[in-house]
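Structure, as C-alpha cells:
The values are calculated or read from the model by the stated rules, or taken from the named source; none is laboratory data. Predicted model, so just to flag it, every value in this text is computed and none were measured. Every residue, glycine among them, receives a Cβ derived from its backbone with ideal geometry; neighbour counts consider all protein chains shown. Note: areas computed on protein heavy atoms with side chains; ligands, DNA, RNA excluded. Shrake-Rupley method; radii C 1.70, N 1.55, O 1.52, S 1.80 Å.
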Amino acid sequence: MQQGTLMRKVKSKSWKKQRFFKLQDDCMTIWYESKRTGKIESAFSISDVETVREGHQSEVLQSLAEEFPPERCFTIVFYGRRGNLDLIAGSAEEAQCWIEGLRQLIEPRSFPLTPALVSRTWIRDWFQKADKNKDGRMNFKEVQRLLKMMNVDMNEDHALRLFQAADKSESGTLEGEEFVLFYKALTQREEVLSLFQEYSEDGKKLTLLELVDFLRHEQLEDKGTEELAMELIDNYEPSETARARHVLSADGFLMYLCSPEGSIFNPRHRALWQDMTQPLCHYFISSSHNTYLIEDQIRGQSSIEGYIRALKRGCRCLEVDCWDGPNGEPMVYHGHTFTSKIPFREVVSTLGKYAFKAEPSYPIPSWVLKRAGGDGAQQCRVPGDSKSHGGDGHPKVLTSPSPTPQELKHKILLKGKKIGRLEDMLDGPGDEASNVSDDDNGAEAEEERRRAQVGGKQHGPALQKDKESLAQALSDCVIYCKSVSFRGFQEARSHSRPFEISSFAEAKARKLIRDVGNEFVRHNTWQLTRIYPSGMRTDSSNYNPQEMWNVGCQIVALNFQTAGTEMDLCDGLFSQNGRCGYVLKPPFMRDKETLFNPSDPGSREGPGPTTLTIQVISGQQLPKVDNSKEGAVIDPLVRVEIHGVPADQAHQETKYIENNGFNPRWDETLQFQLHVPELALVRFVVEDYDKTSRNDFVGQFTLAFANIKPGYRHIHLLSKDGTSIPPSSLFVHICITK
C-alpha cells in the first residue's frame, strides 16, 4: 500500500479512470493522482473511512459484474454524506492487500477512543502537517504556521517563550519529545486544574475519598460512589504507581472528564434502558422519507446506499416505492419524476443484509407496495421477494398481529392497502373480502385511477379476475400497518383499529395540532400516525419534527440525506436506548384519557417547571470553518437551543471570543425554564461569529433533556453530517432544579 497501486476509480459503467493510490508514511492519509498528469487529485484520512465493502456491493460495481470479477472490486465507505469510492484493482491479490490493510488501519477505532489515544494521534498529525521540509524537526517559523493551522492567534513573544522552554537541546528546533512538551504546554487546561485543586489537599493528586467527595458533590453521583471512584482510577489513571495507591493524578482527572463517564450524555442511557413491551403506538420510531433517494426529489439518484446509511443511523421505518418495471421486474424510484431507478430485488437484498445487523433488532415498518399494481405478475413478485429477503429461507415479514417491539423483533411490517378487514383474514374469508381499504395519499389513488383508464381496453374479465387474485397475495402481507384514510378523530375512535395507520402531510398535521391538539395526542395513544414532507420540498429539505413529536406522532418521516437542525434533532432523540430506533413516549402521552395539549403546558399532570442552568466554561480544539482562508482563525460563540413544546422553545448564546478556536474561555451562565422537560431536546451549537454576514457553523451536539447528566461535563461535538470531530469539545457545568 505504501509503495502505491494503480487501480481503476469508477463512477459509472462508462467512467473508469486509472489512478495511482498510495498510503502516506503516516499510515493515516491516502492520496491518489492522475496517471496521465501525475497531479494529486484528492486525498482522504483513514479517520474518514467508516468501512470497506468487498466485491460488487454498490450499484456501479454491480453494473460491471460481467466485466470485472468480484475478487478485484471493493468500495470505500466514508462517514457522513461524502460519496463512496468504488475501485477495481489490477488483480485479486492487490484488492485483498488494500481491503485487509484498510480494515486493519480502521479497526482500532472499534475500541473506545481514550483521551490519551486521541491526543497522541492529534500530536502526530499536527507535527506532520507543520513540518514543511519533512526533516523531522520544527523551527519557530514552522511553529508559528502550526498555531494558525490549529486555530490559535497567539502573541509572538508568548509563543517564543513556550518554544524555548520546550527546546531542551537548545538546537533552535523541536523534535520528538520536545514537540510533545510544547504541545502539552499549549494544551494546559487551567479551568480543569483549578477544579482538581479544589478537591485535592496537596494539589497533586486526588485520594479515593477526595474523588468520592467530588463525585457526590459536583457530579451528583449518589449510588455506589466508592466503587465508581475505584473504577475511574483503574480506567483513567495513566500511572501504574498511582493506580496501585488508589489515587488519581491531574492527568487522570482530565482523562476521566473527557471520557464517556464525564460526558454530558448519561452513559446508562446509551444502552437499551426503556421498557420495550408496550404497544407499538407508545413509541417514537426513527423514520425516513423516500429512503432510496440520496439527493433531491426530482432528478436525484435512487440508491441502495440510502437504505444502508439510514439503517446504520438507527432508522427503523423505511420507504420502498415500487413501480412496474421492464421485463416483469418491479423498480423502486420516485414516480412521475426523473430520479434514477433501482430493482426491487436489490432493495430487498440490502434489507436482508443490513436491517437486523445490530442488536437489539426491533421491527421495521416498511412503506412497501405503495404503487406496484398495474401489472399483476409484478404484484406477485413483491410478496415473494419480501418474504425471503433474508437469504436464509426463513420469512422475516410479519404474518400475525403482535403489538409490542419486543415481540416483533427481527420482523418487517409492510404497510399498504388491504382487501377486506384484518379480522376476516385471521378468522377466515368474510363477506367484506372484496372491499379494498382506502389509501392515505390522494396522489396514489389518482395514479391508480389513471392507470385503470389507460389499461381498461386491454383487460378482459378473466385477466381482471387474475389481477384481483394476485392483489390478494399483496394484501395478505399487510398485517399490522393497514393504511386507512383519515376522516376525523371521532370517526377514527368509532371505526378504526389499533393495527391501522393514517398518514398526514406536514401542513395537515400542523392544522390538526393547532386546532385540536389534545385530540391528536389521544389518537396517538392507541393508533399509529405517519407524517411526511410537503410535495413542495423538492430539494429534500425537512420540516420541524419536534412539533409532530409534541402530539405523540410516532412515524415522523424525514429526508435523511439532508443535514441540518431537523436531522440533528432526530439524531439527538434516537441516540439513546441502544440506538435501536425506538424511544418510549412519556406516560402522559400513553394515557388514552390524557388532557395534555402541547399548546397548554399546564395540561400536563406532574411537577411544575424545571430549571436548567448551563455554565459554558471553555472549548477545546474547535475545527476550522469549511473553505476558510489559510491562516484564518475563528471567533467562536456557543448557542444553546431548547426544542420542545411552544412554551419551552428558546435559545441563548455566549459572547464571541476573538481569534481563538483552540482553547476559548467563555465562563458564561445560561438559564432556561422547561415546562414539559420530558419532550425537550437541547442543542449545543458552536458558530464562527461574523459581523457582516451570517455566522458559520463549527459543530453541534443534540440530546434529549432526559439524557443529561448534571455536573462538570464535556460535550463532544459533531459535524454537520452528524459525525464525530475529535478532539473538539465544550466543557460545561450543568445544574437541574425543580
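Condition check: within 21 Å of Val60 (Cβ to Cβ), open to solvent by 20 Å² or more (accessible area, probe 1.4 Å) and at pLDDT below 90. Does Tyr354 satisfy that?
Against the criterion (within 21 Å of Val60 (Cβ to Cβ), open to solvent by 20 Å² or more (accessible area, probe 1.4 Å) and at pLDDT below 90), Tyr354 qualifies.
Inside region 481-517, can you point out the residues that are among the aliphatic types (A, V, I, L, M) and within 11 Å of Arg530 (Cα to Cα)?
Ile501, Ala505, Ala509
Going through region 304-333 one residue at a time, which ones are touching a helix residue (DSSP H, G or I) at 6+ places or on another chain (Cβ under 6 Å) and outside any helix (DSSP H, G or I)?
Across region 304-333, the qualifying residues are Gly314, Val320, Cys322, Asp324, Pro330, Val332.
Looking at region 626-659, which of the residues that are small (Gly, Ala, Ser) and under 19 Å from Leu146 (Cβ atoms) is nearest to the chain's Cα centre (by Cα)?
Across region 626-659, the extreme among qualifying residues is Ser628.
Only strands (runs of 3 or more DSSP E) wholly contained in region 537-625 count here; list those with 2 or more residues that are surrounded by 17 or more Cβ atoms within 10 Å (Cβ to Cβ) and over 18 Å from the mean Cα position of the chain (by Cα).
Working: elements: 555-558, 582-584, 610-620.
Counting at least 2 such residues, we get 610-620.
Conditions tested, residue by residue: (1) open to solvent by 50 Å² or more (accessible area, probe 1.4 Å); (2) within 30 Å of Ile736 (Cβ to Cβ); (3) not hydrophobic (A, V, I, L, M, F, W, C).
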residue	(1), (2), (3)
Arg189	no, yes, yes
Glu226	yes, yes, yes
Gly252	no, yes, yes
Phe265	no, yes, no
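Please specify each residue of region 233-262 satisfying the condition of being closer than 19 Å to Asp202 by Cβ and of a type in the set (A, V, I, L, M, F, W, C).
Ile233, Ala242, Ala244, Val247, Leu248, Ala250, Phe253, Leu254, listed by residue number.
Does Ile294 count as touching a strand residue (DSSP E or B) at 6+ places or on another chain (Cβ under 6 Å) and either outside the structural domain of Ala505 (by the TED database) or open to solvent by less than 60 Å² (accessible area, probe 1.4 Å) (or both)?
Values: touching a strand residue (DSSP E or B) at 6+ places or on another chain (Cβ under 6 Å): no; either outside the structural domain of Ala505 (by the TED database) or open to solvent by less than 60 Å² (accessible area, probe 1.4 Å) (or both): yes.
No, not satisfied.
In this structure, is Ile501 under 27 Å from Ser603 (Cα atoms) and touching a residue at least 60 places away in the same chain (Cβ under 8 Å)? Break it down into steps so the answer makes sense when it comes.
Working: under 27 Å from Ser603 (Cα atoms): yes; touching a residue at least 60 places away in the same chain (Cβ under 8 Å): yes.
Judged against the criteria, Ile501 is a match.
Going residue by residue through region 161-181, is there one that turns out to be basic (Lys, Arg), open to solvent by 10 Å² or more (accessible area, probe 1.4 Å) and in contact with a Ser or Thr (Cβ under 8 Å, 6 or more places away or on another chain)?
no
Suppose the filter is among the β-branched types (Val, Ile, Thr) and under 23 Å from Cys570 (Cα atoms); does Ile736 pass it? Full working, then the answer.
Values: among the β-branched types (Val, Ile, Thr): yes; under 23 Å from Cys570 (Cα atoms): no.
Spelling it out, it is not the case that Ile736 is among the β-branched types (Val, Ile, Thr) and under 23 Å from Cys570 (Cα atoms).
Which residues, taken from region 664-694, are more than 28 Å from Pro607 (Cβ to Cβ), open to solvent by 70 Å² or more (accessible area, probe 1.4 Å) and either in a helix (DSSP H, G or I) or out of contact with any Leu (no Cβ under 6 Å at 6 or more places or on another chain) (or both)?
Hits for region 664-694 are Arg665, Asp667, Lys691, Thr692, Arg694.
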